[in-house]
Amino acid sequence: MPKKSPLRIGAAMMIDDLPGFRDWLVQDGRDLEIQDACLGDFLDGDWQPGARRVLDLLDGYSGRISVHGPYNGLSLVCYDRRVRELVVLRLKQALEFAVAIRATQLVLHSPFEFFGHPMVVHTPAQGLDYEIEQVHLTLDEVLPVAVGPGVMLVIENCYDRNTAPLLTLVRSFESKSVRLSLDVGHAFTMQQTGGPPPDQWVREAGVLLAHVHLQDTDGLVDRHWAPGEGNVNWFAFFEALNELDPPPRLLLEVAPEKFKASVDFFRQRGYERGNGP
């Protein structure tokens, strides 16, 4: 059983899924992540009606909103200036949408892809300082745009098999507006190839951890199964999580039809409180 009172768990979804879970989110003030801004076509299109729809649906809502930013082909480490310009443009577009729906977090993806041993690549001897410099060239244009309206940038672990490079990157900004996002399924998958387990990520991040994607997997690929369908050690994860004060936002990143089973799984184990979807 967890050491502290159970937490309220929210969910990540597309705008079109929001009506079906609106009452559940509003009733308990659960955190929400909107994911449409992952898509370049959405950002290039007329997204204002979608933003207004979110605000209308969330009338009376007291939870916190995050937005998942674009990431496909848009690494934060950009050695080509023209590519960097595109990444900056996309992130600023996502921030504009985030501000429009009153979001206070924007989720980005870690730039650290691994080709080699996790304790050798992306280390100071192998160019980590230069990689971090390249990320700053990108985010130093984006961060001021985020700070003004109060949006935190949270950088999510992806292919990371070593906590040190990503945590070093987050700390390098020396800003409360840049924090870590932990995807439990990503961490567990990379654990199979030499990375630390999800609970170790929590302990090493400590107060830097501001956002979590909850999903399960067998560790073979990034399944995004409902918690309980895979092999993640949820006891160890919540044991570590309960050492943090305040806790990060906890958001299910599974298919919407699996929200109820996921919440039930956590509630039965004493990790979740409130009403079901």
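No value in this document is a laboratory result; all are computed from the given coordinates. Quantities reported herein were computed from a predicted structural model and do not represent experimental measurements. Cβ atoms come from the backbone with ideal geometry, glycine included; neighbour counts cover every protein chain shown.
Computed values, structure above
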quantity	calculated
Whole-Å distance, taken between Cα centres, linking the range 8-63 and the range 233-277	19 Å
Karplus-derived HN-Hα couplings along the range 73-85 (A = 6.51, B = -1.76, C = 1.60, θ = phi - 60°), whole Hz, x at Gly and Pro	x, 10, 5, 6, 8, 10, 7, 9, 4, 5, 5, 4, 4
Cut-off 12 Å between beta-carbons: net charge of the residues surrounding Arg64, Lys and Arg +1, Asp and Glu -1	+2
Dipole in debye (nearest 20) - the chain, about Cα centre, beta carbon charges: Lys, Arg +1; Asp, Glu -1	620 debye
Correct option for semi-axes √(5λ) of the Cα gyration tensor in Å [calculated from the coordinates] among [x] 44, 27, 18; [y] 27, 25, 16; [z] 32, 22, 18	[y]
Percent RCO, i.e. relative contact order, over the range 104-172, from Cα pairs under 8 Å lying at least 6 residues apart	57 percent
At most 12 other Cβ within 10 Å, DSSP loop - chymotrypsin sites (Phe, Trp or Tyr not before Pro), the range 65-132	Tyr79, Phe115
Formal net charge of residues neighbouring Cys38 (Cβ-Cβ distance under 12 Å; K, R +1; D, E -1)	-4
Distance from the range 161-215 to the range 64-125 (C-alpha centre basis), Å	15 Å
Residues Asp23, Asp183, sorted so that the one with the fewest Cβ neighbours within 10 Å comes first	Asp23, Asp183
Percentage relative contact order, the range 10-268, counting C-alpha pairs under 8 Å, at least six apart	16 percent
Under 29 Å between alpha carbons - lysine pairs in the chain that sit 8 or more apart or on different chains	7
Proportion of all alpha-carbon pairs of the range 1-146 beyond 25 Å (%)	41 percent
Cα coordinate range in the range 123-258, projected on the principal axes (Å, largest first)	41, 37, 28
Estimated [θ] at 222 nm from DSSP helical runs (n ≥ 4, -39500 (n - 2.57)) normalised by residues in the chain, nearest 500	-12000 deg cm²/dmol
Summed residue charge, Cβ within 11 Å of Asn233's Cβ, Lys/Arg positive, Asp/Glu negative	-3
